[in-house]
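Asks: Got a structure for you, written out below as structure tokens; questions coming shortly.
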Amino acid sequence: MIQSLGKLVPTPGTPVRATTNLPVAEQKLRVHGVLIQALPGNTGRVYIGTSALNRAAFTDLYAVLAVPSGAALPSFSTALTLAPNAINVGDFYIDCDVASDGVIVTVLIA
């Protein structure tokens, strides 16, 4: 089953958990795969990492999404095909350069 966790627009410099839109953001959400896609109107970079993510120092990062251009929307995805529902989406944090920028988070639950 594919499920949207919705749009996240963090305050720059304050990483937010990818599960922020859930009733209890700290809950574990075990999934088979994760897709994090930049919003079409972003004007800055998006950072995806751990709870210790530091966008200025580029530490504890999984990915940096570039500014969208033309028809391309930068994205980050991961899946663990050998172990269904082994990824905890709550372990992913998002930060942005610009206050109005954000992402859409989608998950695959096996």
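What follows draws every value from the coordinates through simple rules; no lab data is involved. Every value quoted in this text rests on a predicted model; they were computed, and no experiment measured them. As a convention, Cβ positions derive from the backbone with ideal geometry for all residues, glycine included, and neighbour counts pool all protein chains shown.
Asks: Can you give the net charge of the other residues whose Cβ lies under 15 Å from the Cβ of L65, counting K and R as +1 and D and E as -1?
Replies: 0
Asks: So, one more: HN-Hα J couplings of the stretch 33-42 from phi, Karplus 6.51/-1.76/1.60, θ = phi - 60°, integer Hz, Gly and Pro as x?
Replies: Taking θ as phi minus 60°, the curve returns x, 9, 10, 10, 10, 4, 5, x, x, 4 Hz for the stretch 33-42.
Asks: Mind jotting down the distance between the C-alpha centroids of the stretch 71-86 and the stretch 12-61, whole Å?
Replies: Here the answer is 14 Å between Cα centres.
Asks: How much length is gained on full extension from S4 to R30, taking 0.36 nm per residue of separation minus their Cα-Cα distance? Don't skip to the answer; put the middle values down first.
Replies: Working: separation 26, 0.36 × 26 = 9.36 nm, distance 1.38 nm.
Stretched fully, the S4-R30 segment lengthens by 8.0 nm.
Asks: Further question: Counting other Cβ atoms within 10 Å, which chymotrypsin sites (Phe, Trp or Tyr not before Pro) in the stretch 44-110 have at most 14 and lie in a DSSP loop?
Replies: Numbers: sites: Y47, F58, Y62, F76, F92, Y93; in loops: F58, F92.
Qualifying residues, ordered by number: F58.
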